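**Q** Sharing a structure with you now.
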Amino acid sequence: MDNIKIKVIYESDNQTFEREFSKDQFNNFNELVNFFQTEKINSVLTGMKINGKEIPMKFYDEIKNAFFEGGEEIVLTFDDLYGLVKKLLLEGEQYISKIENSLSTISKEVMLNTKEGHKMIKALAEGLQAMNTILSQASKVLNKTFITDEEMEKQKSILEKITESQSISDNVEISDIIDYEFTELLDIFKKAFERAINEID
């Protein structure tokens with residue numbers, strides 16, 4: 001069996017195509033992906049399956065130079081770059097709501113100096129980092145800044161205060177920062193995500 005079967009899904013347009021190629025049509029996996037990527041402007045590969053097995057995107061570099069033996073069945077999923085960024089931004093908005101709903105719990109756990117409370121603080125810091133990453137990706141794609149230097153400074157100073165309080169184990173202070181200053185921080189992100197989503201729409 002010399003042919004390879006390809007199923008291509010363009011998520012943003014809700015389109016699916018099935019095609020067959022000779023195994024010699026492409027020198028490697030990367031060439032195949034590029035072939036379909038250039039067929040749809042601004043498309044980004046978001047998922048791949050080889051012979052029914054889901055391959056996580058983080059392994060792309062490891063398989064991109066693989067050649068075809070024939071008989072492979074491949075499913076490639078693409079999304080529109082703007083659609084992808086919008087998806088990330090909407091997920092970011094959901095994450096903000098989740099944090100808003102759990103702030104009082106986090107504050108209480110920190111005040112009581114529980115292990116859980118310290119875990120939650122760590123998760124909060126990681127969440128903020130993830131939101132900054134989403135915004136910087138949106139800025140790159142849309143060529144616009146959504147968070148001002150002043151807002152970044154504000155964010156930095158609040159996080160520094162938390163770190164300082166943690167270093168001297170001042171749980172009351174950390175709890176206060178979460179109660180009173182963290183909501184301001186979330187508002188900054190909320191507005192930035194909103195601005196970015198409006199830019200895409």
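**Q** Within the set of pairs 6+ apart or on separate chains, which have a first residue in the range 114-137 that is closer than 10 Å to residue 92 by Cβ, a second that is open to solvent by 50 Å² or more (accessible area, probe 1.4 Å) and in a helix (DSSP H, G or I), and C-beta atoms under 6 Å apart?
**A** Final answer for the pair search is 134/88.
**Q** Under 6 Å between Cβ atoms, at least 6 apart or on separate chains: pull out the pairs that start in the range 31-58 with a residue that is without any contact (Cβ under 8 Å) to a residue 12 or more places away in the chain and end on any residue that is open to solvent by less than 70 Å² (accessible area, probe 1.4 Å).
**A** From the range 31-58, the pairs are 55/48.
**Q** Looking only at residues in the range 1-21 that are without any contact (Cβ under 8 Å) to a residue 60 or more places away in the chain and farther than 14 Å from residue 74 by Cβ, which one is least open to solvent (accessible area, probe 1.4 Å)?
**A** Taking the candidates together, the pick is 15.
**Q** Please find, within the range 68-105, the residue that is surrounded by the most Cβ atoms within 10 Å (Cβ to Cβ) out of those that are among the basic types (Lys, Arg) and free of Cβ contacts under 8 Å to residues at least 60 places away in the same chain. Break it down stepwise before answering.
**A** From the range 68-105, those among the basic types (Lys, Arg) are 86-87, 98; that's our starting set.
Now restrict to residues that are free of Cβ contacts under 8 Å to residues at least 60 places away in the same chain: 87, 98.
Working: 87: 15, 98: 10.
My answer is 87.
**Q** Quick one: in the range 106-120, which of the residues that are of a type in the set (D, E, K, R) and under 19 Å from residue 182 (Cα atoms) is least open to solvent (accessible area, probe 1.4 Å)?
**A** Applying the first criterion (of a type in the set (D, E, K, R)) to the range 106-120 yields 108-109, 115-116, 119.
Pick out the ones that are also under 19 Å from residue 182 (Cα atoms) and you get 108-109, 116, 119.
Values: 108: 126, 109: 43, 116: 87, 119: 124 Å².
Only one residue tops the list, namely 109.
**Q** Shifting gears a bit: Scan the range 163-183 for residues that are surrounded by fewer than 12 Cβ atoms within 10 Å (Cβ to Cβ) and among the small types (Gly, Ala, Ser) and jot them down.
**A** 167, 169
The values are calculated or read from the model by the stated rules, or taken from the named source; none is laboratory data. All values reported here derive from a predicted model rather than from experimental measurement. Positions of Cβ are generated from backbone atoms using ideal geometry, with glycine treated the same way; all protein chains shown enter the neighbour counts. What goes into the accessible areas is simple: the full protein's heavy atoms, side chains included, and nothing from ligands, DNA or RNA. Shrake-Rupley method; radii C 1.70, N 1.55, O 1.52, S 1.80 Å.
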